[in-house]
1. Arrange the following residues from fewest to most other Cβ atoms within 10 Å of their Cβ: 84, 151.
2. How much length, in nm to one decimal, is gained on full extension between residue 114 and residue 268, taken as 0.36 nm per residue of separation minus their Cα-Cα distance?
3. With a Förster radius of 25 Å, plug the Cβ-Cβ distance of residue 231 and residue 168 into 1/(1 + (r/R0)^6) and report the FRET value to the nearest 0.05.
4. Quick one: what does P(r) look like for the chain with 20 Å bins over all Cα pairs, in whole %?
5. How would you rank 21, 233, going from fewest to most other Cβ atoms within 10 Å of each one's own Cβ?
6. Could you let me know the centre-to-centre spacing of the range 142-160 and the range 21-63, using Cα atoms, in angstrom?
7. Among the listed pairs 169/292; 64/162; 130/209; 58/184, which are separated by more than 28 Å between their Cα atoms?
8. Using the alpha carbons of the range 265-314, what is the convex hull volume per residue in cubic angstrom, as a whole number?
Amino acid sequence: MPHTISAIIPTYNRPDSLDDCLQSILKQTRLPDELIIVDDGDLGGFPLKDQFESAGVKCVYEQKNIPGVTESRNRAAEIATFEVLVFLEDDVVLFDDYIEQLVNTFDTCNDDTVVGVGGIIENDWFRYPKDLFEYLPFLLFGLTGLREGKVKRSGFATDYGKTPWPIKKTRSVDFLLGGVSAFKRSVFSEFQFSNRYRSASGYGQGEDKEFSYRVSRKYRLLVNPSARLYHYCAPKSNFNWVIKGRAFVLSRYYFFRDQVRRTPFDWLFFWFALFGYSLYRIGIALVSFKKKEWRRVQGIATGLLDICRGRSLDSL
């Protein structure tokens, strides 16, 4: 029997991007049985509700007081009523068969240990020669690897679309991205997205990777490269690069310490990778002359000091 589907979209004051996302869902070759919008802003209701209900889609709208995509995903998982939860972001546009490709992977898989399936971001791919200047030093310092979707011993990961060798066929991976993934609802009886990876200022850093990596230690995750979407990153106003740099360092530290480290010797891999990342960002700041890059370096330095002092991500 085909799995039933709840699609989930956390959103915050991006009505135009959300409208594009919803329009692409209406064009899907396999519509969700339920669409849940969790709103941290002021939409005031479910956009395009009549069109979705006419197509037989159950519409659920919830506005919450505690902001944050982590809380939105956890809340949606609580109220969802169908078997597979397809997580989206409000600034993505789906290929017409995106949901069908994701959920068919569950439908045709005879392995009950497969609980998560991810897709690929079409407009996030390796570009020559620009990305080569980042990839080579990252490879040297253990910040990335050769196989996408794998977590390194350093605690850093080989992200999708960041190597010259993209995934060509469905295979097992260590992590999935939050807005390009689907999980069986039963997973959420054991696991939740952690608030540990979001600073008090609201910057989330890798909570989706941490969640899916924890899941992958017990169950299997797959990526289906035929499930594709576009991600049009909506611009952020008043972006604080100091906080961003600090949150990046601390989130990688927590992830390595709590999820990846197996022996005391592993700390060498982590600190070597973080040293390489710091050198890279300083180099970018030196050649670009951009204020935001120097502020990011300031945030990285602050994060390193916080690790030494034992301060937490939430303290900012």
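Quick note: the coordinates plus some simple rules give every number you see, no bench work behind them. Being a predicted model, the structure only gives us computed values, none of them experimental. Quick reminder, even Gly has a Cβ in these numbers, built from the backbone with ideal geometry, and neighbours come from all protein chains shown.
1. 151, 84
2. On the way: separation 154, 0.36 × 154 = 55.44 nm, distance 3.30 nm.
Separation in residues times 0.36 nm, less the Cα-Cα distance, equals 52.1 nm.
3. On the way: r = 20 Å, r/R0 = 0.81.
Calculated transfer efficiency: 0.80.
4. Reading the bins upward from 0: 31, 59, 10.
5. Values: 21 26, 233 11.
Least to most surrounded, the residues fall as 233, 21.
6. Each part reduced to its Cα centre gives a spacing of 35 Å.
7. 169/292; 64/162
8. Numbers: hull volume 3.4 nm³, N = 50.
Expressed per residue, the convex hull around the Cα atoms of the range 265-314 is 69 Å³.
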